[in-house]
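Undergrad: Encoded as structure tokens, here's the structure I'll be asking about.
The values are calculated or read from the model by the stated rules, or taken from the named source; none is laboratory data. Being a predicted model, the structure only gives us computed values, none of them experimental. Note that each Cβ is placed from the backbone with ideal geometry, even for glycine, and that neighbours are counted across all protein chains shown.
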Amino acid sequence: MDGPAAWLRRLSGGAPPLRPPGALDEPAFAARCIRCGRCAEVCPYRALRPAGPRLGLEAGTPEVVAREAPCWLCLRCPPVCPTGALAPVAFPRDVRMGRARIVAERCYAHLGVMCRTCLDACPLQGEAICQDEELRPVVTDRCVGCGLCEHRCPAEGPAVLVDARRGR
């Protein structure tokens, strides 16, 4: 069953938000988050910001906009959450924020230009993004959705987009 926030997102054409590391599934996260801002306060990279009105009743909950400020996986946010909306995460590899995808028609490597920017930006070197036999980037199941690849992508558009984890 869709709630008002899901309806508003569909109406505005917006995608589900990219949540901080340790975020519970979306309904549980939205129910537990009290919008206190503690997670954003401890983020040294200013990656977390309050979601705007496009999320309806979920406005004010923390989100990451990867193109502007990706998550650097410092994992300082889950321990300060007073309600458990952000569950503890032991290691960066355990984070499940979302998953990157390559937009081939914008990707320099897919267009025949040598580019390794997304591979070099990835904190899970050689695990989350690797290259195929033609040296084009391929996102694997190990991607945690931090958005560093999207943030660093030099292509217009960009050519790497992080989709929020589905089925939260």
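Undergrad: Restricting to region 108-126, give me the number of residues that are closer than 21 Å to Leu75 by Cβ, at pLDDT 95 or above and surrounded by fewer than 19 Cβ atoms within 10 Å (Cβ to Cβ).
TA: Selection size over region 108-126: 2.
Undergrad: Among the numbered criteria (1) touching a helix residue (DSSP H, G or I) at 6+ places or on another chain (Cβ under 6 Å); (2) under 24 Å from Glu41 (Cβ atoms); (3) at pLDDT 95 or above, which single criterion is violated by Pro82?
TA: Just one mismatch for Pro82, condition (1).
Undergrad: Turning to a different aspect of this structure: Of the residues in region 83-119, how many are of a type in the set (Asp, Glu) and over 17 Å from Glu134 (Cα atoms)? If you could, list the steps in order and put the result at the bottom.
TA: Here is the first cut: in region 83-119, the residues of a type in the set (Asp, Glu) are 94, 105.
Pick out the ones that are also over 17 Å from Glu134 (Cα atoms) and you get 94.
Residues in region 83-119 being of a type in the set (Asp, Glu) and over 17 Å from Glu134 (Cα atoms): 1 in total.
Undergrad: Out of the strands (runs of 3 or more DSSP E) lying entirely within region 52-168, which hold 1 or more residues that are without any contact (Cβ under 8 Å) to a residue 60 or more places away in the chain and either not aromatic (Phe, Trp, Tyr) or not assigned by TED's automatic domain parsing to the domain that holds Pro20 (or both)? Step through it out loud before you land on a result.
TA: Details: elements: 62-64, 98-102, 129-131, 137-139, 160-164.
Because the criterion is at least 1 residues that are without any contact (Cβ under 8 Å) to a residue 60 or more places away in the chain and either not aromatic (Phe, Trp, Tyr) or not assigned by TED's automatic domain parsing to the domain that holds Pro20 (or both), the strands (runs of 3 or more DSSP E) in region 52-168 that meet it are 62-64, 98-102, 129-131, 137-139.
Undergrad: Which of the residues that make up region 95-115 are within 18 Å of Arg142 (Cα to Cα) and of a type in the set (D, E, K, R)?
TA: Arg96, Arg99, Arg101
Undergrad: Would you point out the residue of region 25-44, among those that are of a type outside the set (A, V, I, L, M, F, W, C) and without any contact (Cβ under 8 Å) to a residue 60 or more places away in the chain, that is nearest to Leu73 (Cα to Cα)?
TA: First, the residues of region 25-44 that are of a type outside the set (A, V, I, L, M, F, W, C): 25-27, 32, 35, 37-38, 41, 44.
Cutting the leftovers down to without any contact (Cβ under 8 Å) to a residue 60 or more places away in the chain gives us 32, 35, 37-38, 41, 44.
Values: Arg32: 22, Arg35: 21, Gly37: 18, Arg38: 16, Glu41: 15, Pro44: 11 Å.
If we take residues in region 25-44 being of a type outside the set (A, V, I, L, M, F, W, C) and without any contact (Cβ under 8 Å) to a residue 60 or more places away in the chain, then Pro44 is nearest to Leu73 (Cα to Cα).
Undergrad: Looking at (1) more than 26 Å from Leu24 (Cβ to Cβ); (2) surrounded by fewer than 19 Cβ atoms within 10 Å (Cβ to Cβ), find the lone condition where Asp163 falls short.
TA: (1)
Undergrad: Determine, yes or no, whether Arg152 is touching a Ser or Thr at 6+ places or on another chain (Cβ under 6 Å) and either farther than 29 Å from Glu41 by Cβ or modelled with pLDDT of 95 or more (or both). Step through it out loud before you land on a result.
TA: Working: touching a Ser or Thr at 6+ places or on another chain (Cβ under 6 Å): yes; either farther than 29 Å from Glu41 by Cβ or modelled with pLDDT of 95 or more (or both): yes.
When the stated conditions are applied, Arg152 passes them.
Undergrad: Quickly run through region 56-97 and pick out the residues that are out of contact with any Pro (no Cβ under 8 Å at 6 or more places or on another chain) and either of a type in the set (D, E, K, R) or under 17 Å from Arg152 (Cβ atoms) (or both). Before the answer, list the steps.
TA: Just the residues of region 56-97 that are out of contact with any Pro (no Cβ under 8 Å at 6 or more places or on another chain), to begin with: 65-66, 68-70, 80-85, 90-91, 93-94, 96.
Val65, Ala66, Glu68, Ala69, Pro70, Arg93, Asp94, Arg96, listed by residue number.
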